[in-house]
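Single-structure report; data block below.
The values are calculated or read from the model by the stated rules, or taken from the named source; none is laboratory data. On a predicted model such as this, the values are computed, not experimentally measured, just so you know. Cβ atoms come from the backbone with ideal geometry, glycine included; neighbour counts cover every protein chain shown. What goes into the accessible areas is simple: the full protein's heavy atoms, side chains included, and nothing from ligands, DNA or RNA. Shrake-Rupley method; radii C 1.70, N 1.55, O 1.52, S 1.80 Å.
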Amino acid sequence: MGWIKGEGEIEDSYKISKIAAHVPDLVVYSTLTNDIPYAENFHGVLLFADVSGFTNLTEKFSLSSKKGYGADELTRTLNSYIGEIVSHILDAGGDILNYAGISAGKLSKVIVGDEISQYFVVIGRAVDEVRLAEGLAVASTIILSPNAWELCERDNIAIDPIENERAVKVRYIKREPSFSVEKYQDSIGTSVEHDKVTRECVRRASRLMPNAELEKTLRKYIMKTVLQKIDDDQPLEYLSEMRPATIVFVNMQFKGGESDQEQCMTIHQAAIGIGQQIVKHHGRVNKVFMFDKGCTFLCLFGLPGDKREDESAHALQAAYGVHDLCQKEIRSLKTVSVGVTTGPVFCGVVGHPVRHEYTVIGRKVNLAARLMMHYPGVVSCDSETCYYSKLPAFYFNELPKKAMKGVKNPGVLYQFMANKQQITVGKAPMSVEREEGYPLLGREKEIEVYSSMLKGFLEARAAGHKNYNNVLIYEGPIGYGKSRLLAEVVYRTAKEGVRVISFELAKTDIKQSNYALQTLLAIVMSVQNCKSYAERERVLLSKILDPKMRQNLCLLNDILLVKFPVSKDVSLMD
């Protein structure tokens, strides 16, 4: 008896096929009843295809003003090229993981995460070897790792040895391999139902029958940004665009000697902690993969639905939180390194109609990855991230310049400290100063209100009134010009012979108790440039001469970080 599908079932089948297209067969056909995390051993071959030039192509399309050179055309160009590669891999019985030499041997599929988001990672000797093989490859070459060469039918492959290496370079294959792709493809996915799988079908998972339990599981591996489009039955092409975003790469280097199960538990712990930090700051974890004997997380800020004015600041705070978490709570890690960059990138779904993924491509993506590897053990960022974060300058230390592969003129690079190395007193300078020859334009109303208030203050002072108080607040979004407006106010007020106390606060200053009061008092008492508590005490004593007031100076101990002895009167206070 044949299966007669109703209209709703056709839609469900189509939907689960679209979801499965974002996930490899390793996940689609995995056991749904296993507890998370778990590691599962299998034998396989890894193909690492390194195709260069996509970043330059992205830059070309983004900078060109020619008609038809937008994100849509870039998507078509990428998918036309990558789709052909993916098609050959699927036809040969392969599948796409997260990897972009060749290697073979024992592997472990690791599934980690929680009830909301899950990730898969492939670990094992073959993963390490494929990275080493990739390092030996040059354009138009195929490198076999030592283990892959051991497992090959050697009399069928012509190779060239590589000096001082066990890996070999492939020249050509003498005859067609006897491996039956059709037989292999028929053996996978037998535990779930498919609809009309023919020889023309390049991937069985594209013909999945409706399966609520499987769909619920697969959804956990896909970003919310993509799921929203699938649920709304919108073409995924709508996700393809050039947009400003902040990229965060996190790399965890293991101490070495861990078993697959131990690595599995470490990655699981990290995935949950990193995921929570990233989502808390309105970001998304895009990919998790093994890289250079470590595990790397690619996280994105500023995607559709997650855009924030202060996303660079959120990304830096999340990066520091991730770095701090991994260092303090995951003991099996040797080094944790984070690279953060901000700028225009291509975001979109790239690949083949039946196997693709949401990814980001661009110069800033490459730079973030390079920062992660060249500045180990710290949170590093580019100058754009520093600037757009609007965080105080003393949260950043300039990093020494290093030569980085594929990166030209990266600009000034910084280490992000997140919390000041030591608590500072009165250090909150204005980020914008008034520039001579650059008049403030379009702010006549705001200046008029300010001028009226200043006039009232000067008249009250001239009349001997000491209790003239007023407040003026300028409110507006990022880029509105508030800092430049305040710089003009500071200049005009000082020009009238009025002492101006100006300082700038950042969102992160919320974490330091009484920070605004402390900064104000420090500037009023001229102790903001003192380098020690003893120096601050000397300045305060030189300004406060009244004996009774001196007895109460201990009240400033916590605020101005001084150590005056507690007087009897103060000790009796509640």
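Below is a table of values for the structure above.
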item: Positions within the stretch 361-394 being outside any helix (DSSP H, G or I) and hydrophobic (A, V, I, L, M, F, W, C), in sequence order; result: 361, 378, 379, 381, 391
item: Listing of helices (runs of 4 or more DSSP H) fully contained in the stretch 469-555 that carry 2 or more residues being among the β-branched types (Val, Ile, Thr); result: 482-495, 515-524
item: Residue 527 vs. criteria among the β-branched types (Val, Ile, Thr), more than 30 Å from residue 446 (Cα to Cα) and in contact with a Lys or Arg (Cβ under 9 Å, 6 or more places away or on another chain); result: yes
item: Selection within the stretch 111-124 - part of a strand (DSSP E or B) and touching a helix residue (DSSP H, G or I) at 6+ places or on another chain (Cβ under 7 Å); result: 112, 113, 119, 120, 121, 123
item: For residue 533: the one exception among (1) farther than 17 Å from residue 390 by Cβ; (2) buried (at least 17 other Cβ atoms within 10 Å of the Cβ); (3) among the aromatic types (Phe, Trp, Tyr); result: (2)
item: Every residue from the stretch 36-64 that is over 28 Å from the mean Cα position of the chain (by Cα) and either loosely packed, with under 14 Cβ neighbours inside 10 Å or over 30 Å from residue 179 (Cβ atoms) (or both); result: 41, 42, 43
item: Where a residue in the stretch 122-137 is surrounded by fewer than 17 Cβ atoms within 10 Å (Cβ to Cβ) and its partner, wherever it lies, is modelled with pLDDT of 80 or more and assigned to a loop (DSSP other than H, G, I, E, B), with Cβ under 7 Å and at least six apart; result: 136/162; 136/165; 136/167
item: Residue list for the stretch 200-216, filter: of a type in the set (Asp, Glu) and at pLDDT below 90; result: 200
item: Pairs with Cβ under 8 Å, 6+ apart, first in the stretch 487-503 and outside the structural domain of residue 519 (by the TED database), second of a type in the set (D, E, K, R) and part of a loop (DSSP other than H, G, I, E, B); result: 487/433; 487/434; 488/434; 488/443; 490/434; 491/434
item: Complete set of residues in the stretch 244-275 that are part of a strand (DSSP E or B) and open to solvent by 30 Å² or more (accessible area, probe 1.4 Å); result: 244, 253
item: Residue match in the stretch 365-382 (condition: in contact with a Cys (Cβ under 9 Å, 6 or more places away or on another chain) and either surrounded by fewer than 19 Cβ atoms within 10 Å (Cβ to Cβ) or at pLDDT below 95 (or both)); result: no
item: Filtered residues of the stretch 305-322 (kept if under 15 Å from residue 252 (Cβ atoms) and buried (at least 22 other Cβ atoms within 10 Å of the Cβ)); result: 319, 322
item: The lone exception for residue 260 - which of (1) touching a helix residue (DSSP H, G or I) at 6+ places or on another chain (Cβ under 7 Å); (2) more than 30 Å from residue 237 (Cα to Cα); (3) not hydroxyl-bearing (Ser, Thr, Tyr) it fails; result: (1)
item: Pick from the stretch 100-111, criterion modelled with pLDDT under 85 and open to solvent by less than 40 Å² (accessible area, probe 1.4 Å), ranking: nearest to residue 28 (Cα to Cα); result: 107
item: The one condition in (1) more than 25 Å from residue 525 (Cβ to Cβ); (2) outside any loop (DSSP other than H, G, I, E, B) that residue 454 fails to fulfil; result: (1)
item: Test: residue in the stretch 77-84 that is assigned by the TED database to the domain that holds residue 211, open to solvent by less than 20 Å² (accessible area, probe 1.4 Å) and modelled with pLDDT of 75 or more; result: yes
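Yes/no per residue for (1) touching a Cys at 6+ places or on another chain (Cβ under 7 Å); (2) of a type in the set (D, E, K, R); (3) part of a helix (DSSP H, G or I); (4) more than 30 Å from residue 265 (Cα to Cα):
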{"site": "80", "(1), (2), (3), (4)": "no, no, yes, yes"}
{"site": "85", "(1), (2), (3), (4)": "no, no, yes, yes"}
{"site": "109", "(1), (2), (3), (4)": "no, yes, no, no"}
{"site": "126", "(1), (2), (3), (4)": "no, no, yes, no"}
